[in-house]
Structure formats: structure tokens, C-alpha cells
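The values are calculated or read from the model by the stated rules, or taken from the named source; none is laboratory data. What you are looking at is a predicted structure, and each value in this text was computed from that prediction instead of being measured. Cβ placement follows ideal geometry from the backbone for every residue including glycine, while neighbour counts extend to all protein chains displayed.
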Amino acid sequence: MFATRATRYNVADWTPFQRDPLKELADECRRQGIKLFFYYSQLDWHHPDYWPRGSTGHKTGRPEGGDWNRYLDFLDAQLTELLTNYGPVGGIWFDGMWDKPDADWRLPQTYALIHRLQPAALIIPNHHRAPLPGEDVQTFEQDLPGANTAGFNTQTIGGLPLETSLTMNDSWGFNLTDHNYKSVRDLIHYLVKAAGQGANLLLNIGPRPDGTIPREAEERLHAIGDWMSRFGGSIYGPRVCPIAPRSWGVTTQRGDTVFVHVLDWNDRALALPPLPGRWRARIWPNGTSVGIVPSVAGLTLVLPAATAESFDRIIALYH
């Protein structure tokens, strides 16, 4: 998907498009003040030297043989182009190492190359393992950190910043037949739960072949944006989670304010574990007072009644 010199099998040389979409994207990101990140697939279903085969791509017509180190040289050559031809790069999001988990991917060499060419670029590997040296973010595919409901993620949470990556339906790319879109409620809950574990949410959409966004995805993005414009202050910025995630929801903290995100709780009383100090409570952001009863066991909040529209009842605790 960029004008690489490492192979003629690219969008500029191999297709009628005859342009470099990454250059156009990089130029527009600079104009809009958006940091540019690149997704790079370590897994390759076309290159003849991606050998031995991994767990996928066995019927792509490649020769039964190849030079693995030559493939890794090709990978590093493309990364060099990405990190030198498009201006400042915020990071590289790697995917596909899970296809050959036991192979020697020469990660120290590749990571050193990235840090030398773009010292500020983050390395975010989607390899489903505990963090390795040289990496900057730990990401969890289709899962909250440590949950492993998907069955292939590590349950080990390291000391790096966290991210969870999620599809809006069941597909990473555009899939005409995949109408199993998550509801706005479910997506907002996932966003809040990720924040409640100190994690960034990377929400994927698959554009149509002409580059437009499917209507279902567009509607959900607008709805999430509307929610964020009103309630994003409770999850944006430096986040500390003073209470571990519970079945009813999560907590976040900004400064001295603790935000209690009640996502799934029908009772009017909600018991919290002890928090040091004396606290008052109000609905956030409208400021309506909420009853709070301290005890030796902790704090009990007297919640407002839930409504069908209240995806997240947010209670702000403050001194």
C-alpha cells in the first residue's frame, strides 16, 4: 500500500491507482496535526522468501522454499522506507508474528532500526505475548488486558502502557456479508472498561473498496463521538484506576476526582471498597448530589435510577 522500492508488488507499480496513498495520508496528517502511525504486517502471503510457511497462507501459489533471512532483510528495507520517506512517524503497529511464533524474527535488529531512524516512534507489537525488550506498548487483540476471552492473548500484563484493539463487527477488513456490528452501548462499555484498566482503545473499521466508511460504522462513530463530547473528560487524560474492575463497571481518576462508571448494575445501592479520606458524590457532569454512606467496609452509593439511554452512569467522588 505504498510506493516501495523493495518490490514492484505495490499499489503504485502494480495497480491502476499509480499513486502513493501513504504520502497523501502523511501530508494530510501534517496539515491536520494528527500523528501518523503505520500498520505493518510481518506476516506475508506473497513474498517467496516467507519460508517455512506459518499457520496461514498455504494456498497462495508461492514456491516451496525460500530464504528466511532474506525476507527479514526485505522487511527491514520496507521499514526503512516508511521511517525515512514520510516525515515524523508516531509509531509502528506490528501484526502477524503470531503466524510463526517460534521463528527468529530478528526483533532486536528491527527494533534498533526503528529507534535509530525515528527515536520517538512507538513500537506496538500484536504478537499475543508478554512484552519483549524494545517494545513500547502492550496491545491485546479483541480483548481487555489480561482477560484472554479470545483464547490467544497472553494473560500477563507487563509494565508498559496498555492498549486493546477491537473490531466494530467481526472483521478487520471490509466484509460485505458481516452485519454483526456491536451496538453503540457495547462499544461505549468497551471503551470505558479499557479506560478503567488504564488502556487505550484502538477501534477498527473496514472501509469499502472505494474508501468510504460503511453506514453502520459511520453511525456508531458519530454516536461514540457524541458520548465522548459529553463524558470523555471522565476517561481522557492521565488515568489511575483506584478500584480494580468489578462486575458492575470500573473506576478512573483524574487529579483528586474518582469517577465511578456504573455500567451494569440495577440496584440503587452500590458498595465500594474503602477509599482513604472523606468523600462526597455527585452525578457527573451535571452535578446532582448522590447519597454516600461511609462504613468500616467502605462506601455505599445511593445511585440514580438507570434509564435505557444511560450507557454509563458516572458518579464523581470528590473531597
* residue 223 being farther than 14 Å from residue 317 by Cβ and surrounded by 14 or more Cβ atoms within 10 Å (Cβ to Cβ) -> yes
* **Number of the condition not met by residue 218 [criteria: (1) surrounded by 11 or more Cβ atoms within 10 Å (Cβ to Cβ); (2) among the acidic types (Asp, Glu); (3) not in a helix (DSSP H, G or I)]** => (3)
* To do: Output the residues belonging to the range 267-319 that are of a type in the set (D, E, K, R), surrounded by 14 or more Cβ atoms within 10 Å (Cβ to Cβ) and over 20 Å from residue 189 (Cα atoms).
  => 282
* To do: Considering each residue of the range 18-37, count those that are exposed (fewer than 11 other Cβ atoms within 10 Å of the Cβ) and assigned to a loop (DSSP other than H, G, I, E, B), and give that number.
  => 2
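One line per residue, one yes/no per condition, for (1) modelled with pLDDT of 95 or more; (2) out of contact with any helix residue (DSSP H, G or I) (no Cβ under 8 Å at 6 or more places or on another chain); (3) on the phi > 0 side of the Ramachandran plot; (4) of a type in the set (Val, Ile, Thr):
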{"residue": "17", "(1), (2), (3), (4)": "no, no, no, no"}
{"residue": "29", "(1), (2), (3), (4)": "yes, yes, no, no"}
{"residue": "41", "(1), (2), (3), (4)": "yes, yes, no, no"}
{"residue": "55", "(1), (2), (3), (4)": "no, no, no, no"}
{"residue": "69", "(1), (2), (3), (4)": "yes, yes, no, no"}
{"residue": "76", "(1), (2), (3), (4)": "yes, no, no, no"}
* Structure fact -> Residue pairs qualifying under the 9 Å Cβ cut-off, at least six apart or on distinct chains, with the first in the range 269-295 being under 22 Å from residue 244 (Cβ atoms) and the second being basic (Lys, Arg) and assigned to a strand (DSSP E or B), are 272/246; 290/280; 290/282; 292/280
* Asked: If you check 56, 110, which single one turns out to be within 30 Å of residue 157 (Cβ to Cβ), of a type in the set (Val, Ile, Thr) and in contact (Cβ under 8 Å) with a residue 40 or more places away in the chain?
  -> 56
* Structure fact -> Being within 17 Å of residue 136 (Cα to Cα) and assigned by TED's automatic domain parsing to the domain that holds residue 204 narrows 45, 93 down to just 93
